[in-house]
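> Pasting in a structure now, in structure tokens, and then I'll have a few things to ask.
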Amino acid sequence: YRIVCVIAARPNLMKMAPLLHAFQAPDTQVETLLVHTGQHYDADMDTQFFSTLGLSEPDFRLQVGSASHAVQTAEVMRRFEPVLEQTAPTAVLVVGDVNSTLACALTAVKQNIPVLHVEAGLRSFDRAMPEEINRLLTDQISELLFTSEASGTSNLLREGIAAHRIHFVGNVMIDTLLRQLPNAPTASAILGQANLAGFLPAGAPYALLTLHRPANVDDPQRLRALMTAMVRLSDDVPVLFPLHPRTSGMLKQYELGHLLDTPRLACLPPQSYLHMLGLMKHAAMVLTDSGGVQEETTALRVPCLTLRDNTERPVTVSEGSNAIAGRDPAVILALCRDILRYGGKAGRIPQYWDGHAAERVAAATSNWLQSRRERRP
Ligand code: UD1
């Protein structure tokens, strides 16, 4: 069997690494080919992750780069189609909810190639999020759907997906986290490398901030309000802020860069995976609008405030260390001060976030491949 596996943007890399590893087990009888669409392309958003995660050089690079949603999605489809013609895979495996996830899934089903979707069923119920559209549509055209939390399974059942196609396997990104955590450096080591050794005394508490959602950073009023709240938070606790390229672009475009000139707020370039793990693990709290970071802080049992009005990952709130803080600066600051005073929520680890999710994906895929062969005349 041959499975074409698709990666595109930074968070896909952490999800795909354990899957490729799990498919290498000889009893799966699967050969994988890796396709990188090139949605992310900067070294600090992409290349530097490969060696840490043990990812091999992709077999195909589509080099689509950045563009509007329509152009990016269309370019991925245009460039992915000949790869499928050339490789004739048994199935295509996609992860997550980025534009390339949907583009590759759609290209594959149009060629009658079954799609396997890992991290299926997550729903924010907010269709203004580009990822929500990608999630809904990818799931509707997938053959096997692997869910990371119970809400994913119930969402899919409600949307009419047959139960036998859905496999609750747990969280593949947490497979990577558990494998890599022993290699994560301390915050002081990371700051030392970034020439910020004096910013934080060793062991002192700090808040870690990440922001990149279009709903937060593409709107100048909202971006200004959130950043002003973070400047005020830095009076209470130093803030470390690795800047996503979308966010640094928007801060420049809206002339808000001066908000970063705050003594106790330190901007960092996009961080390597291990640095990000180290920064999260040792933080007093994490403030984020990322999906993956909500899950990683839950796995690390570090208090997380999500700077959005919803989450597609509700288990991080019902069981994990996450809380929905919304976008109102006064509410966010009050929640931060609570955490600083009382330590915040540690939560518990959700079911199957145990380091073996990718093995469950490989096992269920093998069974499915086997049963398809038996059904064939
Ligand atoms: C994409 C995903 C989002 C995911 C995020 C993780 C979609 C719709 N969005 O958002 O779900 O959470 O990746 O990071 O698929 N840029 C660079 N260098 C790069 C890549 C992007 O500078 O390597 C800049 C470009 O100006 C680009 C902008 O970032 O226009 C946005 O990139 P894009 O891939 O369109 O979306 P993200 O915001 O990264």
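The values are calculated or read from the model by the stated rules, or taken from the named source; none is laboratory data. The structure presented is a predicted model; accordingly, all values stated were derived computationally and were not measured. FYI the Cβ positions are ideal-geometry reconstructions off the backbone, even for glycines, and counts take in every protein chain you see. Heavy atoms of the whole protein, side chains included, go into the accessibility calculation; ligands, DNA and RNA do not. Shrake-Rupley method; radii C 1.70, N 1.55, O 1.52, S 1.80 Å.
> Considering only the range 326-336, I want to know if a residue exists there that is crowded, with 24+ Cβ neighbours inside 10 Å, touching a residue at least 12 places away in the same chain (Cβ under 8 Å) and touching a strand residue (DSSP E or B) at 6+ places or on another chain (Cβ under 8 Å).
yes
> From 19, 13, grab the single residue that is of a type in the set (A, V, I, L, M), within 16 Å of the ligand (Cβ to nearest atom), part of a helix (DSSP H, G or I) and in contact with a strand residue (DSSP E or B) (Cβ under 8 Å, 6 or more places away or on another chain).
13
> Cβ-Cβ distance below 6 Å, separation of 6 or more or different chains: which pairs start in the range 8-26 with a residue that is on the phi < 0 side of the Ramachandran plot and end on one that is within 11 Å of the ligand (Cβ to nearest atom) and at pLDDT below 95?
Sorted first by the residue in the range 8-26, then by its partner, the pairs are 10/45.
> Please identify the pairs in which a residue from the range 34-49 that is free of Cβ contacts under 8 Å to residues at least 60 places away in the same chain and near the ligand (Cβ under 6 Å from one of its atoms) has its Cβ atom under 6 Å from the Cβ atom of a residue that is open to solvent by less than 60 Å² (accessible area, probe 1.4 Å) and acidic (Asp, Glu), counting only partners at least 6 apart or on another chain.
Matching pairs, first to second residue: 40/46.
> Okay, moving on. Tally the residues that are more than 24 Å from residue 3 (Cα to Cα) and in contact with a helix residue (DSSP H, G or I) (Cβ under 9 Å, 6 or more places away or on another chain), restricting the search to the range 66-75.
3
> A further question on this structure: Which ones in the range 182-195 are surrounded by 15 or more Cβ atoms within 10 Å (Cβ to Cβ) and farther than 25 Å from residue 290 by Cα?
Of all residues in the range 182-195, those surrounded by 15 or more Cβ atoms within 10 Å (Cβ to Cβ) come to 184-185, 187-188, 190-192, 194.
Of everything in the range 182-195, just one residue is surrounded by 15 or more Cβ atoms within 10 Å (Cβ to Cβ) and farther than 25 Å from residue 290 by Cα, namely 192.
> Here is a follow-up. Among what's in the range 22-39 and is part of a helix (DSSP H, G or I) and not acidic (Asp, Glu), pick the residue that is nearest to the chain's Cα centre (by Cα).
22
> Something else now. I'm checking my understanding of the structure. Among residues of the range 130-142 that are more than 12 Å from the ligand (Cβ to nearest atom) and crowded, with 18+ Cβ neighbours inside 10 Å, which one is farthest from the chain's Cα centre (by Cα)?
The residue in question is 142.
> Checking the condition more than 30 Å from residue 182 (Cα to Cα) and either touching a residue at least 12 places away in the same chain (Cβ under 8 Å) or buried (at least 16 other Cβ atoms within 10 Å of the Cβ) (or both), which residue from 268, 256 passes?
Details: 268 fails: more than 30 Å from residue 182 (Cα to Cα).
After applying the criteria, what remains is 256.
> Sticking with this structure for a sec: Select from the range 67-101 the residues that are in a helix (DSSP H, G or I) and small (Gly, Ala, Ser) and write down the one among them that is least open to solvent (accessible area, probe 1.4 Å).
100
> Take the range 240-253 and flag every residue that is without any contact (Cβ under 8 Å) to a residue 40 or more places away in the chain and outside any helix (DSSP H, G or I).
241, 242, 243, 244
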